[in-house]
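Okay, structure first, notes after.
The values are calculated or read from the model by the stated rules, or taken from the named source; none is laboratory data. In this text the structure is predicted, and so the values were computed from the model without any measurement. Neighbour counts run over all protein chains shown; Cβ positions are idealised from the backbone, glycine included. Keep in mind that these areas ignore ligands, DNA and RNA; they rest on the heavy atoms of the full protein, side chains included. Shrake-Rupley method; radii C 1.70, N 1.55, O 1.52, S 1.80 Å.
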Amino acid sequence: MVSDIDVSAAADARVPRLLPAVARAHPVPDAVMAGVRWEQGPRAGATGVRAEGVLTRWKPARKRGRGRLHQDVRLLDADGQVVESAFVEWDVPAGTDVRDDESASRVAWDVGSVAWGRHLAAGLAANEDFASAVQTFDGSVGIRAGEEQVEFRLYRGSVVEVAKKSLEGPTFTVGGTERAWIDLLSATKNDFVNRTQNNHFRSTGNNFQYLRIFRAVMLMIDEAQLAVAKEVPSA
């Protein structure tokens with residue numbers, strides 16, 4: 001979390017206030033900024049703003065050395081409206097090797113990875129409602145978070161394969177930013193429909209099939225939220 005940083009109003013509203021603040025607030029010691037995408041909101045000149053930062057993905061190093069953190073950082077005004085936002089990639093120390101599989105920590109948050117897809121498929125395997133919802137569907141559902149995407153090959157009510165890419169590509173894909181998925185999966189209820197109406201998520205591909213098995217999509221999100229809840233330490 002980024003907070004208590006000087007983000008006073010700039011003399012020129014076109015000058016980013018967020019980026020200098022982010023550069024002074026490394027998420028971990030020895031982190032090096034590797035990339036940033038910045039956007040200005042409609043309330044660029046707002047005063048009394050606060051900085052909020054959320055880590056959205058941890059990509060461990062394949063070898064001992066460096067890893068990569070993704071961070072969503074925003075300036076919010078008193079009404080909670082976004083003044084500026086930035087997606088930041090940090091190059092960070094990684095002391096040990098970490099395999100990209102189901103044993104990796106925080107896999108339930110790693111939306112779009114194959115490990116996350118397998119974790120989700122395992123939970124759906126015993127879900128009779130999900131099996132019924134996709135009983136007549138023969139195709140692949142893509143889930144994308146930022147630049148990461150995984151596909152679920154569905155046939156006769158079951159997930160028969162989870163892979164980065166399927167041979168024929170996804171029938172449809174449900175996509176959003178990493179932050180959008182973090183916010184959805186940590187919410188107290190599955191309000192995917194409302195968030196989609198507010199343009200936090202969108203579907204691409206065969207819209208007819210997306211609507212036909214929409215119930216299955218909602219059940220996948222239910223399962224993903226449950227997996228996150230199990231990983232959150234109890235108070």
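Condition test on Asp129, is it of a type in the set (D, E, K, R), modelled with pLDDT of 90 or more and surrounded by fewer than 16 Cβ atoms within 10 Å (Cβ to Cβ)?
Working: of a type in the set (D, E, K, R): yes; modelled with pLDDT of 90 or more: yes; surrounded by fewer than 16 Cβ atoms within 10 Å (Cβ to Cβ): yes.
When the stated conditions are applied, Asp129 passes them.
Please go through region 197-228 and give me each residue that is among the polar types (S, T, N, Q), open to solvent by less than 80 Å² (accessible area, probe 1.4 Å) and closer than 17 Å to Ala187 by Cβ, ordered by number.
Within region 197-228, just Gln225 meets the criteria.
Within region 30-40, identify whether any single residue is of a type in the set (Gly, Ala, Ser), open to solvent by less than 30 Å² (accessible area, probe 1.4 Å), in a loop (DSSP other than H, G, I, E, B) and at pLDDT 80 or above, and answer yes or no.
yes
Can you tell me which condition His26 does not meet? The list is (1) modelled with pLDDT of 85 or more; (2) open to solvent by 40 Å² or more (accessible area, probe 1.4 Å), and all the others hold.
Answer for His26: the failing condition is (1).
Looking only at region 209-223, decide whether some residue is small (Gly, Ala, Ser) and not in a helix (DSSP H, G or I).
Within region 209-223, none of the residues are small (Gly, Ala, Ser) and not in a helix (DSSP H, G or I).
Inside region 118-200, counting only strands (runs of 3 or more DSSP E) that do not spill past its ends, which hold 2 or more residues that are of a type in the set (D, E, K, R) and over 12 Å from the mean Cα position of the chain (by Cα)?
148-155
Looking only at region 44-59, how many residues end up being over 30 Å from Ser113 (Cα atoms) and buried (at least 17 other Cβ atoms within 10 Å of the Cβ)?
Summing the residues that are over 30 Å from Ser113 (Cα atoms) and buried (at least 17 other Cβ atoms within 10 Å of the Cβ) in region 44-59 gives 3.
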